[in-house]
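Some notes on the structure that comes next.
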């Protein structure tokens, strides 16, 4: 009720006296309704468009269709990166009435064909085609294989200026007219057109065409480039049509993924969100964390958190051997382990000459033999040697002085204790995090390789189950050819053990410079590109065959926005999280401080 209505109600019978208005009446009259909230501040209707607040709208209707409509012809319009509304009104027509009209129309066309034939005129292909189409449709209607409908298709586009509307109109017209579909603006009926495209099922334009079932089915509007499936986890929302990007990495030919983004673009946030949701779908997750970003997530999910550093109590012995599987021989397992250890020593010792490589290989074999671990033995329960045992064996080999000098810092020098102890950790949990934040930069690649090798052995000898290995800041691994090679080997072989490898990096240049960078990408069924820096975008555009529009989309994206690739499909995506998920996975320092402050206040109140 408005103020004016209250005044009218309170007029006296003689129309002169006005009784006082109660405050309650004034309050009731000022209550907002939903229509008051969503209504624009101003509305102006012209012959060609509508000024709707600070935006303009223009409505079109389709007036003509071609003889044949191909499948998904409407998807090109639905997937345009524009703001628009579409209404399709479908009115069934009584088949019995249509058949009577058809009989008359068929007779007319047949009569025209006969008249031309009697006069000796050349056959008219248009009449012949019309006659065949009418007969075919009439047969389909009689046999109930088709039905006829009155169909109206309206499109309302939005823009900030008339020029922008003209550009959108030209784009839509050129797209449709290339398919022989013609549309016109609803001149002097913009109001009726706008109302007809509102979600109120009101067709005020009534510009309809008759279509039978087959061509009508091609107009199905819910077609778009999406990755919505009936199973999997929610990765985000499609930025073009707001559909959900639901996907299951374990349904692809391999389970690997790569994420590229500049610092602060939300790559770790997106990864932690996937981890949290993957844990709900009975997948084990292991993370190699260079910045200790996953500690709170591990605590919140009752996982395990291991800090790998020079002073840490958590140790991993590089000489650990996995128990041979049923389809493996002990000799093959031992040979593979020796090859991997040579690669690790190549990283630790700053490279090896061919002679040193041979000495290291010989020393490793003899070190295992000291513990009765040979290609012919059953070493499933044998105690593996440690680095000091290897050093002792190496000292007895002629020509190993240089190797011993470089190795001594890992056994007796500054870096002693990091790698020279038996393994004392267990990853028998659904979520495990290895943090190498406190490790010196010189040793980070060594530590990440060591952890990755330990995880790989654990996966190979453990029970077969869904696992996801996440390697954050993977460019550390690509700095050495040995670690890059091992990473690529895991990407290729992980599927056999139900293991998905997720590599994340912000330094795209270093990753792609490695000879294993591109092969790892091509062996990853899922790729997520978030906001990029101008210095890296050209390399990414070439690697992922991005269009210029997709290139600029990545440059202009906000945090958590980008392009999601899965197999041959890709969509523009926005990563979203619930409030509870956001509180667990956020890396924003301001949010973390706010959460800590709230916890401290809660703790002080409970005391």
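All of the numbers you see were taken from the coordinates with simple rules; none came from a lab. Quick caveat, the model's predicted, so the values are computed rather than measured. Note: ideal-geometry Cβ built from the backbone for every residue, glycine included; neighbour counts use all protein chains shown.
For segment 502-542 and segment 546-582, compute the distance between their C-alpha centroids and round to whole Å.
Cα centroid of segment 502-542 versus Cα centroid of segment 546-582: 15 Å apart.
Taking all pairs of distinct Cα atoms, average 1/r, flip it, and tell me the Kirkwood hydrodynamic radius of segment 43-110 in Å to one decimal place.
That comes to 16.6 Å for segment 43-110.
Does segment 216-363 classify as rounded, prolate or oblate by the C-alpha gyration tensor (a ≥ b ≥ c root eigenvalues; a/c under 1.5 gives rounded; else a/b over b/c gives prolate, otherwise oblate)?
Prolate, since a/c reaches 1.5 and a/b exceeds b/c.
Using Cα atoms only, what is the angle between the long axis of helix 95-118 and the major principal axis of the chain, expressed in degrees (0 to 90) to the nearest 10?
On a 0 to 90 degree scale, this one is about 80.
Between the helical axis of 267-280 and the dominant principal axis of the chain, each derived from Cα atoms, what acute angle in degrees is found, rounded to the nearest 10?
For 267-280 against the chain, the angle is about 90 degrees.
Could you tell me what fraction of 2.2 N^0.38 Å the Cα radius of gyration of segment 460-607 comes to, as a two-decimal ratio?
So the Cα radius of gyration is 1.29 times the expected 2.2 N^0.38 Å.
By average Cβ neighbour count within 10 Å, what is the ranking of 525-532, 331-338 from highest down?
Ranking, from highest mean packing down: 525-532, 331-338.
Please report the antiparallel percentage of DSSP beta bridges with both residues in the chain, rounded to the nearest 5.
Around 65 percent of the beta bridges assigned by DSSP in the chain are antiparallel ones.
Express the relative contact order of the chain as a whole percentage, based on alpha carbon pairs under 8 Å and six or more residues apart in sequence.
Dividing the mean separation by the residue count of the chain yields 16 percent.
Could you give me the radius of gyration and the Dmax of segment 193-293, taking only the C-alpha atoms into account and expressing both in angstrom?
21.2, 64
Any chance you could list the semi-axes, whole Å, largest first, of the equivalent ellipsoid that the Cα gyration tensor gives for segment 317-422, using √(5λ)?
24, 15, 12
Compute the long axis of helix 330-348 from its Cα atoms, compare it with the longest principal axis of the Cα atoms of the chain, and write down the angle in degrees, 0 to 90, nearest 10.
90 degrees
Return the FRET efficiency for the residue pair residue 408, residue 437: r is the Cβ-Cβ distance, R0 is 25 Å, and the value is rounded to the nearest 0.05.
After rounding, the FRET efficiency stands at 0.40.
Classify segment 384-511 from the C-alpha gyration tensor, please: rounded if a/c falls under 1.5, else prolate or oblate depending on whether a/b exceeds b/c.
prolate
Would you mind getting the Kirkwood hydrodynamic radius of segment 47-217 from its Cα pairs, rounded to one decimal in Å?
Here the Kirkwood hydrodynamic radius works out to 18.3 Å.
What FRET efficiency comes out for residue 182 versus residue 122 if R0 is 35 angstrom and r is the Cβ-Cβ distance? Round to the nearest 0.05.
Efficiency, from the Cβ-Cβ distance: 0.75.
Sort 114-120, 253-259 for me by packing, meaning the mean count of neighbouring Cβ atoms within 10 Å per residue, highest on top.
253-259, 114-120
Translational D (Stokes-Einstein, µm²/s) of segment 133-212 at 25 °C and 0.890 mPa s when Rh comes from the Kirkwood sum over C-alpha pairs?
Diffusion coefficient, whole number: 162 µm²/s.
Obtain the radius of gyration and the Kirkwood radius of segment 342-384 from its C-alpha atoms and give Rg over Rh.
1.08
In the calculated pair distance distribution of the chain, what percentage of Cα-Cα distances lie above 33 Å?
That tail contains 63 percent of the Cα-Cα pairs.
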